[in-house]
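Below is one structure; the comments refer to it alone.
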Amino acid sequence: MSDSTEGLRIAVLLASVRQGRRGEAFARWIHGLIAAREGVTADLLDLRDFPLPSYTHPEMPRMIETHYEDEVARRWSEAIHAHDGFVFVTPEYNHGYPGQLKNAIDHVQQGWWYKAAAFVTYGGSAGGARAAEQLRSVAVEVRLVPVRTEVNVRLIGLAADEAGRPTDPYYGRQSTGLIDQLLWWARVAKQGRAASPPPAS
């Protein structure tokens, strides 16, 4: 098997929709680092652009996610299905992650299956790590493949440039490890999905 990342599509999911959100700077930072990798297409999916309603359908998402009547839900599902891996950029609220992110995840099932996932979180003393911990269990349930390395940005005393991107070399090292692992797993998982149908049970 080739170790090339040629043709991989990675989405950076920006979870916060708040005014004055810090996450946009972090999402654009990690998006730029991924986009700089040879052969990789990186897209930024901002939940502000996908104001999904609460999930009220009687059917499970797996039954209707490829033909939602709602235009926003349809665009969201199509965007997830089109990508090979994901970086979730999220704040930590009350030891968890924002409700709109859970709602967005729950609108799709098969679009997540057997694709790589990574987490960039931000918050207070824990740097959002508890949000990532919760997201990991959800990711496994929707059959994503979470990578080990995270970027947990501690906002207290954060050194950042004029664009809000972290300047501490530690975050640079963490982001490199995260991206290396994400692209490796995204490639392997894509090859696996192409070789045989993923298990559905």
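The values are calculated or read from the model by the stated rules, or taken from the named source; none is laboratory data. Being a predicted model, the structure only gives us computed values, none of them experimental. Every residue, glycine as well, gets a Cβ built from its backbone with ideal geometry; the counts of neighbours run over all protein chains shown. These accessible areas exclude ligands, DNA and RNA; they are computed on the full protein's heavy atoms, side chains included. Shrake-Rupley method; radii C 1.70, N 1.55, O 1.52, S 1.80 Å.
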* Of the residues that make up region 150-158, is at least one among the hydrophobic types (A, V, I, L, M, F, W, C), free of Cβ contacts under 8 Å to residues at least 24 places away in the same chain and not in a helix (DSSP H, G or I)? -> yes
* Output the residues belonging to region 20-74 that are farther than 22 Å from Gly128 by Cβ and of a type in the set (Gly, Ala, Ser). => Ala35, Ala36, Gly39, Ser54, Ala73
* Which residues, taken from region 77-128, are among the basic types (Lys, Arg) and in contact with a Gly (Cβ under 7 Å, 6 or more places away or on another chain)? -> Lys115
* For residues that are open to solvent by 60 Å² or more (accessible area, probe 1.4 Å) and polar (S, T, N, Q), tally how many sit in region 176-195. => 1
* Tally of residues being closer than 13 Å to Val89 by Cα and open to solvent by 60 Å² or more (accessible area, probe 1.4 Å) across region 18-45 -> 2
* Within region 164-175, can one find any residue that is in contact (Cβ under 8 Å) with a residue 60 or more places away in the chain, open to solvent by 50 Å² or more (accessible area, probe 1.4 Å) and farther than 30 Å from Thr56 by Cβ? -> yes
* Failed criterion for Leu155 (all others in (1) under 19 Å from the mean Cα position of the chain (by Cα); (2) under 21 Å from Leu101 (Cβ atoms) hold) -> (1)
* To do: Please work out which residue is most open to solvent (accessible area, probe 1.4 Å), limiting yourself to region 56-84 and to residues that are hydrophobic (A, V, I, L, M, F, W, C) and within 14 Å of Ile105 (Cα to Cα).
  => Met60
* Structure fact -> Asp180: passes all of (1) touching a helix residue (DSSP H, G or I) at 6+ places or on another chain (Cβ under 9 Å); (2) at pLDDT 95 or above but (1)
* Number of positions in region 125-159 that are farther than 17 Å from Ala15 by Cβ and open to solvent by 10 Å² or more (accessible area, probe 1.4 Å) -> 12
* **Given (1) in contact (Cβ under 8 Å) with a residue 12 or more places away in the chain; (2) surrounded by 13 or more Cβ atoms within 10 Å (Cβ to Cβ); (3) over 23 Å from Ala159 (Cβ atoms), index of the condition Pro53 fails** => (2)
